[in-house]
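What follows is a short report on a single structure.
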Amino acid sequence: MLTVAIAGNDPGSSSQLQAALAQTGLVGSVKQWTLPMDKLPDVGETMPDIVLLDLARDPEPCFTLGAHLRRLKADIRLIACSALVPPNHQLLLDAMRSGVQDFIPKPAKPEALEELLNRLSAEIQPGDRRSAEKLIVLMGSKGGVGTTTVAVNLGVQLASHTQKRTVLLDFARPLGNVHLMLDLHPRFGVRDAVESLDRLDTHFFGGLLSQHKTKLEILGGVLLPEEWQAIPILPIERIVNVAQASFDMVLADLGTQFSSEWSSVLNRARMILMVAEANVPSLWTLERRLVALTGMGVESERIRIVINRWHKGDDEVLKTIEKKLKQPIFATLPNDFSKANTAVNLGTPLMENHNNVLSNRYRALAAQLAGTEYVQPTQKRSGLSNFFATKR
Ligand SMILES: Nc1ncnc2c1ncn2[C@@H]1O[C@H](COP(=O)(O)OP(=O)(O)OP(=O)(O)O)[C@@H](O)[C@H]1O
Ligand SMILES: [Mg+2]
(Lines give C-alpha, C1' and ligand atoms only; values in the text may rest on other atoms or scores of the structure.)
(Ligands and ions follow the chains in the order given, each with its own letter.)
Protein backbone atom coordinates (compact mmCIF):
# COMPACT_ATOMS: atom_id res chain seq x y z
CA MET A 1 0.00 0.00 0.00
CA LEU A 2 1.18 3.47 -0.85
CA THR A 3 1.85 6.10 1.78
CA VAL A 4 0.75 9.61 0.92
CA ALA A 5 0.95 13.11 2.40
CA ILE A 6 -1.28 16.04 1.55
CA ALA A 7 0.31 19.48 1.86
CA GLY A 8 -1.81 22.61 1.68
CA ASN A 9 -3.52 25.35 3.64
CA ASP A 10 -7.17 24.80 2.77
CA PRO A 11 -8.81 22.29 5.18
CA GLY A 12 -11.87 21.85 2.93
CA SER A 13 -9.79 21.02 -0.11
CA SER A 14 -7.53 18.70 1.95
CA SER A 15 -10.46 16.71 3.29
CA GLN A 16 -11.86 16.35 -0.24
CA LEU A 17 -8.48 14.98 -1.35
CA GLN A 18 -8.36 12.71 1.68
CA ALA A 19 -11.79 11.27 0.79
CA ALA A 20 -10.86 10.75 -2.86
CA LEU A 21 -7.64 8.97 -1.78
CA ALA A 22 -9.47 6.65 0.61
CA GLN A 23 -11.97 5.77 -2.11
CA THR A 24 -9.25 4.55 -4.47
CA GLY A 25 -8.47 1.66 -2.10
CA LEU A 26 -4.79 2.00 -3.01
CA VAL A 27 -3.53 4.08 -0.13
CA GLY A 28 -2.41 2.93 3.31
CA SER A 29 -1.65 5.92 5.51
CA VAL A 30 -2.27 9.59 4.71
CA LYS A 31 -0.32 12.33 6.47
CA GLN A 32 -1.48 15.96 6.60
CA TRP A 33 1.00 18.85 6.34
CA THR A 34 -0.55 22.26 6.96
CA LEU A 35 1.23 25.12 5.20
CA PRO A 36 3.04 27.28 6.00
CA MET A 37 4.97 24.94 8.30
CA ASP A 38 6.84 26.27 11.34
CA LYS A 39 9.55 23.75 10.63
CA LEU A 40 10.05 21.80 7.44
CA PRO A 41 10.28 17.97 7.76
CA ASP A 42 13.81 16.76 8.49
CA VAL A 43 15.80 13.65 7.67
CA GLY A 44 14.60 11.82 10.77
CA GLU A 45 10.98 11.90 9.60
CA THR A 46 9.43 8.94 7.77
CA MET A 47 8.80 10.13 4.26
CA PRO A 48 5.68 9.16 2.31
CA ASP A 49 5.92 7.65 -1.18
CA ILE A 50 3.80 10.40 -2.70
CA VAL A 51 3.02 14.01 -1.76
CA LEU A 52 -0.04 15.79 -3.07
CA LEU A 53 0.71 19.52 -3.19
CA ASP A 54 -2.69 21.14 -2.83
CA LEU A 55 -1.96 24.40 -4.65
CA ALA A 56 -3.67 27.55 -3.42
CA ARG A 57 -3.71 31.01 -4.99
CA ASP A 58 -0.10 31.43 -3.88
CA PRO A 59 1.58 28.12 -4.80
CA GLU A 60 5.00 29.20 -3.52
CA PRO A 61 4.83 27.47 -0.04
CA CYS A 62 3.90 24.19 -1.79
CA PHE A 63 6.82 24.43 -4.19
CA THR A 64 9.26 25.34 -1.41
CA LEU A 65 8.15 22.25 0.53
CA GLY A 66 8.32 20.13 -2.65
CA ALA A 67 11.90 21.16 -3.42
CA HIS A 68 12.87 20.50 0.22
CA LEU A 69 11.31 17.02 0.16
CA ARG A 70 13.12 16.14 -3.05
CA ARG A 71 16.40 17.00 -1.38
CA LEU A 72 15.53 14.65 1.51
CA LYS A 73 14.23 11.82 -0.66
CA ALA A 74 15.17 11.99 -4.32
CA ASP A 75 12.58 9.44 -5.46
CA ILE A 76 9.60 11.02 -3.69
CA ARG A 77 6.71 11.58 -6.13
CA LEU A 78 5.26 15.09 -6.09
CA ILE A 79 1.81 15.65 -7.56
CA ALA A 80 0.37 19.14 -7.90
CA CYS A 81 -3.40 19.48 -7.45
CA SER A 82 -4.46 22.65 -9.14
CA ALA A 83 -7.64 24.40 -10.19
CA LEU A 84 -5.60 25.53 -13.20
CA VAL A 85 -5.16 22.46 -15.43
CA PRO A 86 -3.45 22.64 -17.85
CA PRO A 87 -1.17 24.95 -15.85
CA ASN A 88 0.01 28.21 -17.39
CA HIS A 89 3.61 28.63 -18.49
CA GLN A 90 4.86 30.20 -15.24
CA LEU A 91 3.10 27.72 -12.97
CA LEU A 92 4.45 24.81 -14.98
CA LEU A 93 7.96 26.18 -14.84
CA ASP A 94 7.84 26.75 -11.05
CA ALA A 95 6.35 23.30 -10.54
CA MET A 96 9.04 21.60 -12.63
CA ARG A 97 11.79 23.46 -10.74
CA SER A 98 10.49 22.10 -7.44
CA GLY A 99 10.33 18.53 -8.80
CA VAL A 100 6.59 18.15 -9.46
CA GLN A 101 6.00 15.23 -11.85
CA ASP A 102 2.25 15.35 -12.43
CA PHE A 103 -0.69 17.71 -12.33
CA ILE A 104 -4.22 16.69 -11.48
CA PRO A 105 -7.22 19.01 -11.63
CA LYS A 106 -9.05 20.19 -8.52
CA PRO A 107 -11.45 19.01 -7.16
CA ALA A 108 -9.65 15.68 -7.55
CA LYS A 109 -11.83 12.87 -8.82
CA PRO A 110 -11.21 9.40 -7.31
CA GLU A 111 -11.03 7.93 -10.84
CA ALA A 112 -8.25 10.35 -11.87
CA LEU A 113 -6.37 9.66 -8.64
CA GLU A 114 -6.86 5.93 -9.03
CA GLU A 115 -5.33 5.97 -12.50
CA LEU A 116 -2.38 8.03 -11.33
CA LEU A 117 -1.81 5.97 -8.16
CA ASN A 118 -2.02 2.71 -10.10
CA ARG A 119 0.73 3.94 -12.37
CA LEU A 120 2.88 5.19 -9.49
CA SER A 121 2.23 2.07 -7.45
CA ALA A 122 3.53 -0.11 -10.29
CA GLU A 123 6.73 1.96 -10.27
CA ILE A 124 7.16 2.24 -6.51
CA GLN A 125 5.92 -1.15 -5.28
CA PRO A 126 5.79 -3.59 -8.17
CA GLY A 127 3.65 -6.58 -7.27
CA ASP A 128 1.92 -4.85 -4.36
CA ARG A 129 -1.78 -5.66 -4.21
CA ARG A 130 -4.54 -3.28 -3.21
CA SER A 131 -6.41 -3.89 0.02
CA ALA A 132 -9.21 -5.66 -1.88
CA GLU A 133 -8.20 -8.90 -0.22
CA LYS A 134 -10.45 -8.08 2.72
CA LEU A 135 -13.87 -8.18 1.08
CA ILE A 136 -16.06 -11.24 1.53
CA VAL A 137 -19.34 -11.06 -0.38
CA LEU A 138 -22.35 -13.09 0.75
CA MET A 139 -24.98 -13.91 -1.85
CA GLY A 140 -28.05 -16.09 -1.70
CA SER A 141 -28.67 -18.68 -4.41
CA LYS A 142 -32.26 -17.51 -3.94
CA GLY A 143 -34.27 -15.48 -1.45
CA GLY A 144 -34.81 -16.71 2.10
CA VAL A 145 -31.96 -19.26 2.21
CA GLY A 146 -30.37 -17.48 5.19
CA THR A 147 -27.82 -15.14 3.58
CA THR A 148 -28.38 -12.40 6.13
CA THR A 149 -28.34 -14.86 9.03
CA VAL A 150 -24.99 -16.17 7.79
CA ALA A 151 -23.60 -12.66 7.22
CA VAL A 152 -24.63 -11.46 10.69
CA ASN A 153 -23.44 -14.51 12.60
CA LEU A 154 -20.20 -14.75 10.71
CA GLY A 155 -19.63 -11.04 11.32
CA VAL A 156 -20.30 -11.43 15.03
CA GLN A 157 -17.85 -14.33 15.32
CA LEU A 158 -15.19 -12.53 13.31
CA ALA A 159 -15.49 -9.48 15.56
CA SER A 160 -15.71 -11.34 18.88
CA HIS A 161 -13.95 -14.69 18.50
CA THR A 162 -11.18 -13.82 16.03
CA GLN A 163 -11.10 -10.19 17.22
CA LYS A 164 -10.71 -8.83 13.73
CA ARG A 165 -12.02 -5.34 13.13
CA THR A 166 -15.05 -6.29 11.07
CA VAL A 167 -17.70 -4.32 9.22
CA LEU A 168 -20.83 -5.69 7.57
CA LEU A 169 -22.15 -3.63 4.66
CA ASP A 170 -25.85 -4.17 4.10
CA PHE A 171 -26.28 -4.00 0.32
CA ALA A 172 -29.36 -6.22 0.20
CA ARG A 173 -32.05 -5.16 -2.21
CA PRO A 174 -34.79 -3.98 -2.03
CA LEU A 175 -34.44 -3.61 1.77
CA GLY A 176 -31.63 -4.19 4.22
CA ASN A 177 -32.51 -5.98 7.44
CA VAL A 178 -29.11 -6.71 9.01
CA HIS A 179 -29.83 -4.18 11.77
CA LEU A 180 -32.97 -6.07 12.81
CA MET A 181 -30.99 -9.23 13.46
CA LEU A 182 -28.66 -7.28 15.74
CA ASP A 183 -31.34 -5.15 17.36
CA LEU A 184 -29.59 -1.98 16.16
CA HIS A 185 -31.18 1.28 15.06
CA PRO A 186 -28.77 2.80 12.57
CA ARG A 187 -28.99 6.57 12.19
CA PHE A 188 -27.16 6.40 8.88
CA GLY A 189 -26.72 3.87 6.13
CA VAL A 190 -25.75 3.08 2.56
CA ARG A 191 -27.77 5.96 1.20
CA ASP A 192 -25.98 8.52 3.38
CA ALA A 193 -22.62 7.14 2.28
CA VAL A 194 -23.63 7.47 -1.37
CA GLU A 195 -24.94 10.98 -0.88
CA SER A 196 -21.78 12.13 0.90
CA LEU A 197 -19.31 10.58 -1.48
CA ASP A 198 -17.28 13.79 -1.81
CA ARG A 199 -16.50 13.62 1.93
CA LEU A 200 -16.32 9.86 2.34
CA ASP A 201 -12.96 9.11 3.91
CA THR A 202 -12.27 6.53 6.63
CA HIS A 203 -13.17 8.99 9.39
CA PHE A 204 -16.49 10.03 7.86
CA PHE A 205 -17.29 6.41 7.06
CA GLY A 206 -16.71 5.47 10.71
CA GLY A 207 -19.33 8.04 11.70
CA LEU A 208 -21.95 6.37 9.50
CA LEU A 209 -21.57 2.97 11.17
CA SER A 210 -23.51 1.41 14.04
CA GLN A 211 -21.64 -0.78 16.48
CA HIS A 212 -23.00 -3.96 18.01
CA LYS A 213 -21.85 -4.90 21.50
CA THR A 214 -19.69 -7.66 19.97
CA LYS A 215 -17.80 -4.80 18.23
CA LEU A 216 -19.18 -5.80 14.82
CA GLU A 217 -19.86 -2.58 12.93
CA ILE A 218 -22.59 -2.33 10.35
CA LEU A 219 -23.39 0.07 7.54
CA GLY A 220 -27.18 0.00 7.61
CA GLY A 221 -29.06 -0.98 4.47
CA VAL A 222 -31.67 0.75 2.41
CA LEU A 223 -34.93 1.36 4.28
CA LEU A 224 -37.25 2.34 1.45
CA PRO A 225 -37.79 -0.14 -1.38
CA GLU A 226 -37.44 2.47 -4.14
CA GLU A 227 -34.12 3.90 -2.88
CA TRP A 228 -31.88 1.53 -4.83
CA GLN A 229 -33.20 3.01 -8.06
CA ALA A 230 -31.18 6.14 -7.33
CA ILE A 231 -27.99 4.34 -6.26
CA PRO A 232 -25.42 3.74 -8.99
CA ILE A 233 -22.71 1.11 -8.56
CA LEU A 234 -19.69 3.41 -8.74
CA PRO A 235 -20.32 4.87 -5.25
CA ILE A 236 -20.75 1.32 -3.93
CA GLU A 237 -17.25 0.46 -5.18
CA ARG A 238 -15.94 3.54 -3.41
CA ILE A 239 -17.69 2.58 -0.18
CA VAL A 240 -16.11 -0.87 -0.36
CA ASN A 241 -12.66 0.68 -0.88
CA VAL A 242 -13.05 2.97 2.12
CA ALA A 243 -14.34 0.06 4.24
CA GLN A 244 -11.28 -1.96 3.25
CA ALA A 245 -9.01 0.89 4.21
CA SER A 246 -10.56 0.98 7.72
CA PHE A 247 -11.18 -2.68 8.66
CA ASP A 248 -9.46 -6.08 8.75
CA MET A 249 -12.52 -7.90 7.41
CA VAL A 250 -15.30 -6.47 5.25
CA LEU A 251 -18.47 -8.50 4.76
CA ALA A 252 -21.14 -7.45 2.29
CA ASP A 253 -24.66 -8.90 2.28
CA LEU A 254 -25.79 -8.68 -1.36
CA GLY A 255 -28.85 -10.83 -0.76
CA THR A 256 -30.08 -11.97 -4.14
CA GLN A 257 -28.88 -8.86 -6.05
CA PHE A 258 -27.59 -10.04 -9.34
CA SER A 259 -26.66 -7.98 -12.36
CA SER A 260 -23.56 -7.48 -14.44
CA GLU A 261 -23.30 -3.97 -12.97
CA TRP A 262 -22.07 -5.56 -9.77
CA SER A 263 -19.18 -7.33 -11.46
CA SER A 264 -16.73 -4.60 -10.43
CA VAL A 265 -17.63 -5.21 -6.76
CA LEU A 266 -17.62 -8.99 -7.14
CA ASN A 267 -14.30 -8.90 -8.92
CA ARG A 268 -12.64 -7.07 -6.08
CA ALA A 269 -13.79 -9.60 -3.48
CA ARG A 270 -11.37 -12.01 -1.91
CA MET A 271 -14.17 -14.52 -1.68
CA ILE A 272 -17.84 -14.90 -2.58
CA LEU A 273 -19.80 -17.06 -0.18
CA MET A 274 -22.81 -18.36 -2.06
CA VAL A 275 -25.44 -19.47 0.44
CA ALA A 276 -27.85 -22.22 -0.63
CA GLU A 277 -30.07 -24.89 0.86
CA ALA A 278 -29.92 -28.56 -0.08
CA ASN A 279 -33.21 -28.61 -1.93
CA VAL A 280 -34.05 -28.68 -5.61
CA PRO A 281 -35.09 -25.03 -6.19
CA SER A 282 -32.10 -23.68 -4.28
CA LEU A 283 -29.54 -25.99 -5.92
CA TRP A 284 -31.06 -25.32 -9.33
CA THR A 285 -30.59 -21.55 -8.94
CA LEU A 286 -27.18 -22.11 -7.38
CA GLU A 287 -25.96 -23.86 -10.49
CA ARG A 288 -27.22 -21.09 -12.75
CA ARG A 289 -25.75 -18.37 -10.60
CA LEU A 290 -22.36 -20.00 -10.58
CA VAL A 291 -22.38 -20.10 -14.36
CA ALA A 292 -23.48 -16.45 -14.49
CA LEU A 293 -20.72 -15.42 -12.07
CA THR A 294 -18.12 -17.08 -14.24
CA GLY A 295 -19.61 -15.20 -17.18
CA MET A 296 -18.95 -11.96 -15.28
CA GLY A 297 -15.29 -12.83 -15.00
CA VAL A 298 -15.36 -14.08 -11.38
CA GLU A 299 -12.90 -16.98 -11.12
CA SER A 300 -14.50 -20.10 -9.67
CA GLU A 301 -11.57 -20.38 -7.20
CA ARG A 302 -12.97 -17.36 -5.37
CA ILE A 303 -16.49 -18.76 -5.02
CA ARG A 304 -17.41 -20.89 -2.00
CA ILE A 305 -20.66 -22.77 -1.52
CA VAL A 306 -22.19 -22.69 1.95
CA ILE A 307 -25.11 -25.01 2.59
CA ASN A 308 -27.39 -23.54 5.22
CA ARG A 309 -30.04 -25.51 7.15
CA TRP A 310 -28.10 -28.69 6.54
CA HIS A 311 -29.46 -32.11 7.67
CA LYS A 312 -27.48 -35.31 7.84
CA GLY A 313 -29.77 -36.75 5.17
CA ASP A 314 -28.58 -34.06 2.72
CA ASP A 315 -25.13 -35.56 2.24
CA GLU A 316 -26.09 -37.82 -0.64
CA VAL A 317 -27.57 -35.01 -2.71
CA LEU A 318 -24.64 -32.75 -1.84
CA LYS A 319 -22.14 -35.31 -3.05
CA THR A 320 -23.99 -35.42 -6.36
CA ILE A 321 -24.02 -31.64 -6.63
CA GLU A 322 -20.30 -31.44 -5.81
CA LYS A 323 -19.60 -33.76 -8.71
CA LYS A 324 -21.88 -31.85 -11.03
CA LEU A 325 -20.49 -28.43 -10.15
CA LYS A 326 -16.94 -29.77 -9.90
CA GLN A 327 -16.65 -27.76 -6.74
CA PRO A 328 -16.57 -28.88 -3.12
CA ILE A 329 -19.08 -27.67 -0.56
CA PHE A 330 -17.09 -25.23 1.55
CA ALA A 331 -19.19 -25.35 4.71
CA THR A 332 -22.43 -26.75 6.03
CA LEU A 333 -24.45 -24.98 8.71
CA PRO A 334 -26.90 -27.28 10.45
CA ASN A 335 -30.62 -26.69 10.52
CA ASP A 336 -31.75 -25.41 13.88
CA PHE A 337 -35.05 -23.67 13.39
CA SER A 338 -35.72 -22.93 17.01
CA LYS A 339 -32.32 -21.29 17.70
CA ALA A 340 -32.19 -19.46 14.36
CA ASN A 341 -35.73 -18.19 14.72
CA THR A 342 -35.30 -17.04 18.30
CA ALA A 343 -32.11 -15.25 17.31
CA VAL A 344 -33.81 -13.51 14.38
CA ASN A 345 -36.87 -12.47 16.36
CA LEU A 346 -34.97 -11.25 19.41
CA GLY A 347 -32.27 -9.52 17.38
CA THR A 348 -29.60 -11.50 19.23
CA PRO A 349 -26.91 -13.33 17.28
CA LEU A 350 -26.65 -17.08 17.78
CA MET A 351 -23.57 -16.89 20.00
CA GLU A 352 -25.60 -15.16 22.65
CA ASN A 353 -28.18 -17.87 23.00
CA HIS A 354 -25.99 -20.78 24.08
CA ASN A 355 -22.98 -22.61 23.00
CA ASN A 356 -24.59 -24.83 20.43
CA VAL A 357 -23.54 -26.76 17.34
CA LEU A 358 -24.66 -24.00 15.02
CA SER A 359 -22.72 -21.22 16.76
CA ASN A 360 -19.66 -23.50 16.97
CA ARG A 361 -19.83 -23.96 13.22
CA TYR A 362 -19.98 -20.21 12.74
CA ARG A 363 -17.01 -19.80 15.04
CA ALA A 364 -15.00 -22.36 13.10
CA LEU A 365 -15.90 -20.73 9.81
CA ALA A 366 -14.90 -17.31 11.14
CA ALA A 367 -11.57 -18.67 12.39
CA GLN A 368 -10.92 -20.23 9.02
CA LEU A 369 -11.69 -17.05 7.11
CA ALA A 370 -9.62 -14.93 9.47
CA GLY A 371 -6.73 -17.38 9.45
CA THR A 372 -6.83 -17.80 13.23
CA GLU A 373 -6.88 -20.99 15.21
CA TYR A 374 -10.03 -22.78 16.27
CA VAL A 375 -10.17 -25.90 18.35
CA GLN A 376 -13.29 -27.73 17.31
CA PRO A 377 -15.24 -29.19 20.23
CA THR A 378 -15.76 -32.95 19.92
CA GLN A 379 -18.81 -33.42 17.77
CA LYS A 380 -20.12 -35.68 15.08
CA ARG A 381 -18.62 -34.72 11.75
CA SER A 382 -20.50 -34.35 8.55
CA GLY A 383 -19.95 -37.14 6.08
CA LEU A 384 -18.60 -34.64 3.58
CA SER A 385 -14.89 -35.16 3.35
CA ASN A 386 -14.12 -31.56 2.44
CA PHE A 387 -16.16 -29.95 5.18
CA PHE A 388 -14.46 -26.63 5.89
CA ALA A 389 -11.96 -27.21 3.16
CA THR A 390 -9.03 -24.87 3.70
CA LYS A 391 -8.78 -23.74 0.09
CA ARG A 392 -8.63 -19.96 0.04
N1 LIG B 1 -29.33 -22.71 10.26
C2 LIG B 1 -30.63 -22.39 10.26
N3 LIG B 1 -31.55 -23.24 10.73
C4 LIG B 1 -32.85 -22.95 10.70
N5 LIG B 1 -33.35 -21.81 10.24
C6 LIG B 1 -32.50 -20.89 9.76
C7 LIG B 1 -31.08 -21.13 9.74
N8 LIG B 1 -30.48 -20.04 9.21
C9 LIG B 1 -31.46 -19.17 8.89
N10 LIG B 1 -32.66 -19.67 9.22
C11 LIG B 1 -33.96 -19.02 9.07
O12 LIG B 1 -34.20 -18.74 7.70
C13 LIG B 1 -35.02 -17.57 7.58
C14 LIG B 1 -34.48 -16.67 6.53
O15 LIG B 1 -33.25 -16.13 6.95
P16 LIG B 1 -32.62 -14.81 6.34
O17 LIG B 1 -33.48 -13.65 6.52
O18 LIG B 1 -31.24 -14.74 6.89
O19 LIG B 1 -32.57 -15.23 4.81
P20 LIG B 1 -32.14 -14.35 3.55
O21 LIG B 1 -31.60 -15.30 2.55
O22 LIG B 1 -31.27 -13.23 3.97
O23 LIG B 1 -33.56 -13.80 3.09
P24 LIG B 1 -33.87 -12.60 2.05
O25 LIG B 1 -33.80 -13.23 0.69
O26 LIG B 1 -35.25 -12.18 2.44
O27 LIG B 1 -32.85 -11.54 2.26
C28 LIG B 1 -35.07 -16.96 8.97
O29 LIG B 1 -36.33 -17.20 9.53
C30 LIG B 1 -34.00 -17.66 9.74
O31 LIG B 1 -34.33 -17.80 11.10
MG1 LIG C 1 -31.43 -11.18 3.62
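Inter-label distance, residue 123 to residue 74: 1.5 nm, where each label sits 7 Å from its Cα along the C-beta direction.
Taken along the Cα-to-beta-carbon direction at a fixed 7 Å, the label points for residue 112 and residue 320 span 5.9 nm.
Between helix 11-24 and the chain there is an angle of about 40 degrees, using the helix long axis and the longest principal axis of the Cα atoms.
For residue 194, neighbours were defined as the other residues whose beta-carbon sits under 10 Å from its Cβ, and their charges (Lys and Arg +1, Asp and Glu -1) total -1. Take the Cβ-Cβ distance between residue 57 and residue 1 as r, set R0 to 35 Å, and report the resulting FRET efficiency rounded to the nearest 0.05. Computed FRET efficiency for residue 57 and residue 1 comes out at 0.60.
Charge tally for residue 73 (other residues, Cβ to Cβ under 14 Å; Lys, Arg +1; Asp, Glu -1): 0. On full extension, the segment bounded by residue 185 and residue 84 gains 31.8 nm, given 0.36 nm per residue less the C-alpha separation.
Cut-off 10 angstrom, C-alpha nodes, Gaussian network model of the chain. Which of 325, 158, 293 fluctuates the most? Among 325, 158, 293, the largest mean-square fluctuation in the Gaussian network model of the chain belongs to 325.
Using heavy-atom solvent-accessible surface (probe 1.4 Å) with all chains present, what is the largest-first order of 37, 271?
Order by accessible area, largest first: 37, 271.
Across the chain, the longest piece that holds none of the GluC sites (Glu not before Pro) lying in DSSP loops with up to 15 other C-beta atoms within 10 Å covers 46-225. Of the residues 305, 172, 89, the one whose Cα sits farthest toward the positive end of the charge dipole of the chain, with +1 on the Cβ of Lys and Arg and -1 on the Cβ of Asp and Glu, is 305.
Bin all alpha-carbon pair distances of the chain at 10 Å intervals from 0 and give each bin's fraction as a whole percent. P(r) over the chain, rounded to whole percents: 5, 22, 28, 20, 14, 8, 3, 0. Rounded to the nearest 0.05, the FRET efficiency derived from the C-beta distance between residue 302 and residue 357 at R0 = 22 Å is 0.20. Here the gap between residue 338 and residue 93, fully extended at 0.36 nm per residue and compared with their Cα-Cα distance, gives a gain of 80.9 nm. Of the trypsin sites (Lys or Arg not before Pro) in region 270-357, the ones in a loop by DSSP (not H, G, I, E or B) with at most 13 other beta carbons within 10 Å are 326.
For residue 46 and residue 199, the difference between the fully extended length at 0.36 nm per residue and the C-alpha to C-alpha distance is 52.4 nm.
Is region 99-185 best put as rounded, prolate or oblate by its Cα gyration tensor, with a ≥ b ≥ c the root eigenvalues, rounded for a/c under 1.5, and otherwise prolate when a/b is larger than b/c, oblate when not?
Judged from the Cα gyration tensor, region 99-185 comes out prolate (a/c at least 1.5, a/b above b/c).
For the chain, the solvent-accessible area with a 1.4 angstrom probe is 45 square angstrom per residue.
Taking a ≥ b ≥ c as the square roots of the eigenvalues of the alpha-carbon gyration tensor, region 245-345 is classed oblate because a/c is 1.5 or more while a/b is no larger than b/c. Cross-linked pairs 134/312; 134/326; 142/215; 134/213: Cα-Cα separations exceed 31 Å for 134/312.
The values are calculated or read from the model by the stated rules, or taken from the named source; none is laboratory data. This is a predicted model, so every value here is computed, not measured. So basically every Cβ, Gly included, is an ideal-geometry build from the backbone, and we count neighbours across all protein chains shown. Ligands, DNA and RNA are stripped out before the accessible areas are found, and what is left, the full protein with its side chains, is counted by its heavy atoms. Shrake-Rupley method; radii C 1.70, N 1.55, O 1.52, S 1.80 Å.
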